[in-house]
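To start, the structure under review is shown below, and the notes come after it.
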Amino acid sequence: PRIPWDPPPSPHPFPGVFPFQDIRNTVGNIPMEWYQDFPHIGYDLDGKRIYKPLRSKDELDLFLEKMENPEYWRTVQDRQTGADVALSDEQLELVRRLQRGHFGDVNFDPYEPSVDFFSHEVRIHPVTNRPADKRSFIPSLVEKEKVSKLVHAIKMGWIQPRKPKENVPTFYDLWAREDPNSVLGRHKMHVPAPKLPLPGHAESYNPPPEFLLTPEEKLAWEQQEPAERRLSFIPQKFPSLRAVPAYSRFIHERFERCLDLYLCPRQRKMRVNVDPEDLIPKLPRPRDLQPFPTTQALIYRGHSSLVRTLSVSPSGQWLVSGSDDGTVRFWEVSTARCLRTIPVGSVVKSVAWNPNPSICLVAVAVDEQVLLVNPGLGDRLLVAATDQLLDSWEAPEEERIQPVRWIPASPEERGKGIRLLVQHSKPVMQVPWHGKGDYWASVVRNPGSRQVLIHQSSRRWSQDPFRKSPGMIQCVQFHPLRPYFLVASQRSVRIYNLLRQELTKKLQSNCQWISSMAVHPGGDNVICGSYDSKLAWFDLDLSTRPYRLLR
């Protein structure tokens, strides 16, 4: 029951208007962004927190709700509570009226006749008989104080009267002389226009005979280009000045002269007298350029034949080397100590350490196989995680046709550290890794088709990225930052976009037979070595030609 002195509840001031201000939230008129990092959105009448509703829907859930919920189009979010509110028909009609620029109240008539509260007729007596204020006929003391302060400031010279503006003409003589009083004379960098050369004997109406052209010279003059002619006209001889006709190129030459004056900028450059010896930089002494290799630090002894390939671990602590003696050796960089030797039975063409620091894996190219080796060096947890990653693969129900065969290692090979064998159809020449450590590529010496293959270790999946071969491929590299794949043929480097599957750029090396290629970790520069003792340095932001060619 309502208390007798309690006033009746007042209706909503605007019927049909949906109240965005929730009566449960007592935070008041504040920006709701203040509660953005909190789990609640305000407090109710009892001082308890009003928690935000859980919003764990992703874009797919929102799209399905939009398709399935018939009330989705009329649902709005209440900023005070964070809840979704479905608008009624009256509220939707009000929104439509406001969007059309109409009044919110349906019954309001903006064109009703105005009420003339005051009569337009002049009356004898005033409407109000209120006596006039005292300040209406007494001078203001505040204004008197302000005026006295301004008068004192003018007497002391703190306020200067405004100077009358000078009537300076807005136009000036463009061809005025260079006297200091002219407008152009006040420009410090102004350079006067070069004067026309004075006429010579050839321009005379009665030139000497040696200045007149012979028929052969006249024919040669007509065959020349206008820019190559020594004279722009043919000298002619007249008996008197009265017989000289009007010059046909007079207007054209005056127009060309005006264009030269108008379009050709001129600037005065101050000449500085500099000693040529000061321009040559002083070279420092060689002993001030330390450190550079002056003494031999370490020798990694152990291989009995030619060492063909090296690779350093991403941590810089370990080094792997492959040799013609059929072994892969793992070294400690700082001490040159051989920690492990894995016999592979044939010449090792290429080794590559996985660039991902969280994966301990090395790819070794031996004849027609690529061995994925876990050397077991460093953190034991890292070594165990790498084995778990490779062993987590599950064979698909339907066997897929692949260009290579993935063969799990036997127990004997697994004891050496070999985890997977990838069998190719031709000898493998190179194995580079992708920066994230899951993908790697192999270059196969196979003239014709299928020279480059891209593999994924976690899924044991291989594919041929090219339908037709872009020539005899020497080496490939993955871009360290962008989804680019660099393929070096004998004379050029092609850059492919792996996402769009298209050729992005073709770099011309100007070398005979590219032998090797490396990409800067920043991804902006590429260097290519060649068999003719050249090193081509490319800047990918500049041009497809080498930025520098080092011999």
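The table below gives the values:
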| read-out | value |
| --- | --- |
| Trypsin sites (Lys or Arg not before Pro) lying in DSSP loop within region 372-453, provided at most 16 other Cβ fall within 10 Å | ARG400, LYS436, ARG445, ARG450 |
| DSSP-loop trypsin sites (Lys or Arg not before Pro) across region 274-360, with at most 16 other Cβ within 10 angstrom | LYS282, ARG301 |
| Exposure rank, largest accessible area first [ASP46, ASP464, ASP105; 1.4 Å] | ASP46, ASP105, ASP464 |
| Solvent-accessible area of THR170 with every protein chain in place, 1.4 Å probe, in Å² to the nearest 10 | 130 |
| Accessible surface of VAL307 - all protein chains present, 1.4 Å probe, nearest 10 Å² | 70 |
| Nearest-0.05 FRET efficiency for ASP109 and LEU45, computed from C-beta distance (R0 35 Å) | 0.30 |
| Table column - 3J(HN,Hα) (Hz), region 208-221, Karplus curve with 6.51, -1.76, 1.60, x for Gly and Pro | x, x, 5, 8, 7, 8, 6, x, 5, 5, 5, 5, 5, 5 |
| Full-extension gain in nm, ASN510 to TRP537, via 0.36 nm per residue minus C-alpha separation | 8.6 nm |
| Longest site-free stretch - the chain; sites: GluC sites (Glu not before Pro), DSSP loop, at most 13 other Cβ within 10 Å | 179-393 |
| Three semi-axes of the equivalent ellipsoid, region 470-550, Cα gyration tensor, whole Å, largest first | 19, 14, 11 |
| Region 470-550 - charge dipole about Cα centre, Lys and Arg +1 at Cβ, Asp and Glu -1, debye rounded to 20 | 160 |
| Taking N as its residue count, the alpha carbon Rg of region 31-78 over 2.2 N^0.38 Å | 1.49 |
| Gain on full stretching of the segment that runs from HIS152 to GLN36 - 0.36 nm per residue minus C-alpha separation | 36.0 nm |
| Share of carbon and sulfur in the accessible heavy-atom surface of region 31-78 [1.4 Å probe, %] | 56 |
| Approximate spin-label separation PHE117-THR75, in nm, with each point projected 7 Å along Cα-to-Cβ | 5.0 |
| Phi to ³J(HN,Hα) by Karplus 6.51 cos²θ - 1.76 cosθ + 1.60 over region 338-344, Hz, x for Gly, Pro | 7, 8, 7, 10, 10, x, 10 |
| Value of [θ]222 nm, deg cm²/dmol, for the chain, DSSP H segments ≥ 4, -39500 (n - 2.57) each, nearest 500 | -4500 deg cm²/dmol |
| Accessible surface of region 283-441, 1.4 Å probe, proportion on carbon and sulfur as whole % | 53 |
| Spacing of the two label points (7 Å from each Cα toward its C-beta) at ASP288 and ILE407, in nm | 6.2 |
| Region 470-550, accessible surface, carbon-and-sulfur percent (1.4 angstrom probe) | 50 |
| Members of LYS57/LYS436; LYS468/LYS534; LYS426/LYS505; LYS468/LYS506; LYS195/LYS269 lying beyond 26 Å, as alpha-carbon distances in this model show | LYS57/LYS436; LYS468/LYS534; LYS426/LYS505 |
| Distance-filtered residues of region 495-538 - backbone nitrogen under 16 Å, label point 7 angstrom along GLN463 Cα→Cβ | 496-503 |
| Accessible surface of LEU481 - all protein chains present, 1.4 Å probe, nearest 10 Å² | 120 |
| Cα gyration tensor, the chain - rounded (a/c under 1.5), prolate or oblate | oblate |
| Distance (nanometres) between label positions extended 7 Å along Cα→Cβ at LYS218 and LYS144 | 10.4 |
| Proximal lysines relative to LYS155, as straight alpha-carbon distance under 23 Å, when same-chain residues fewer than 8 apart are discounted | LYS144, LYS146, LYS163 |
| Accessible area per residue in Å² at 1.4 Å probe, computed on the chain | 76 |
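The values are calculated or read from the model by the stated rules, or taken from the named source; none is laboratory data. Source: prediction; values computed, not measured. Neighbour counts are summed over all protein chains in view; Cβ atoms, including those assigned to glycine, are modelled from backbone coordinates with ideal geometry. For the accessible areas, the whole protein counts, side chains as well, though only heavy atoms, and no ligand, DNA or RNA atoms are used. Shrake-Rupley method; radii C 1.70, N 1.55, O 1.52, S 1.80 Å.
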